[in-house]
1. Two decimals, Cα atoms only, Kirkwood Rh: what is Rg/Rh over region 219-439?
2. Going by C-beta contacts inside 10 Å, put Leu424, Leu22 in order with the fewest on the left.
3. Can you put Ile304, Ile214, Ile296 in order of Cβ neighbours within 10 angstrom, beginning with the fewest?
4. Between their Cα atoms, which of Lys253/Lys325; Lys282/Lys345; Lys24/Lys345; Lys25/Lys168; Lys349/Lys428; Lys253/Lys299 are more than 28 Å away from each other?
5. Provide the per-residue ³J(HN,Hα) series for region 364-380, in order, calculated from phi with Karplus coefficients 6.51, -1.76, 1.60 and θ = phi - 60°, each as a whole number of Hz, with x at glycine and proline positions.
Amino acid sequence: MAEIKVPELAESITEGTIAQWLKKKGDQVEKGEYVVELETDKVNVEIISDYDGVLTELLAEEGDTVKVGEAIAIVGEQGSAGNDQNTAEAGNNPNTAVAGRETESPDERAGGSSEAKKTETSKSGEQSGAEEASERIIASPAARKLAREKGIDLSKVTSQDPLGRVRKQDVESFTPGQKATGESAAQKPVDEKAAAPKAATAGNSADDSRVERIKMSRRRQTIANRLVEVQQTAAMLTTFNEVDMTAVMELRKKWKDRFYEENDVRLGFMSFFTKAVVAALKKTPYLNAEIQGDEIVLKKFYDIGVAVAADEGLVVPVIRDADRKNFAEIENDINELAEKARTNKLSLKDLQGGSFTITNGGVFGSLLSTPIINGPQVGILGMHTIQLRPVAIDKDRMENRPMMYIALSYDHRIVDGKEAVTFLKRIKELMEDPESLLLQG
């Protein structure tokens, strides 16, 4: 027998949630084969088996929280199906039956006391019935294991699961005298007068047919906690500007076909904004920093996070050394990271670090917003939808131009308004003269 344990994942990750078992109890597994998918605060990771054999027991069920180093499954010897098979072999062994008969006394072999036999048979029947009832209960492997350890009859445990499955937390909260799972109203006398007010209250508080309860994923909980933490700890402020996107759109139109032919990737807006952000950060270095205790840590590198909306929640993969990459390399990185996010293939390395973040709510039609800082960073740039608006060209002329509002949320503890406005103004200048981005190192 060997244990499959939760491996070391990353320095900041100490636990995870079982997302799904890729193998089930009784399945054959090979060394290096994926057996379970684990959801962490940042990404989902697949855990492999370090052994060949049969998965004889699952020590945690889907939805359970497990810690690094905790055993979550048992692998038996090759070809062994675990305790069930051993039990079956013992039952078919004639020597076992003979050994049982040898314990009988001469009186018992001769007939013995019929009353004693009845008592013994009754006890045996009750025990067997309890075991059968317990086996009939739908319960997770973790719940069965805990119930065995505590000597709890699963048939007496009340399930909070809508489908009636007994889970580990149900066993943990079990108290003697609790109503059995599956016990019907017909099996237990009901005081109608006492029950009526309770029924009315339950009907007013939540009608199962009108509400749906969905457990938050670990990632969604982490996102929620971090956003609240940032708002509680940072002195967050947002400043705005707008960009005339005419020049960028004309440049893209002029070069898009040749760019695609030479680089096998399309020229998008994100590479322009990424290059502009790097140039603006070099002019306002305190936006490329973080606070650690009573120190300001100025970062001399430009790892730009790009927020991506995935099914499990917002993730921010990082473009490494964006200052050293050209437009094609940045576009390639963005496409690759976005595809990984959509297919849930991002690694911890893809998400770690980052000195500044860009988020584009414009892809969903957002006209204006105040993005929340991605802590411990101190700044985030929000892009928005491009909208034709009348713009004054001079005192006498008005033109409809493709305009975009941009927003910078920043931590006022170390970034002053002057720096924030300077940063946005620099972004505006570079985007309205995109050829100047070629001169930026």
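1. Ratio of gyration radius to Kirkwood radius for region 219-439: 0.96.
2. Leu22, Leu424
3. Fewest-to-most ranking of Ile304, Ile214, Ile296: Ile214, Ile296, Ile304.
4. Too far apart for the 28 Å limit: Lys282/Lys345; Lys349/Lys428; Lys253/Lys299.
5. 9, x, 5, 8, 7, 7, 10, x, 9, 4, 8, x, x, 5, 10, x, 8
Coordinate-derived values only; no laboratory data. Because the structure is predicted, anything quoted here is derived from the model rather than measured. Heads up, the Cβs are rebuilt from the backbone with ideal geometry, glycines too, and the neighbour counts pull from every protein chain shown.
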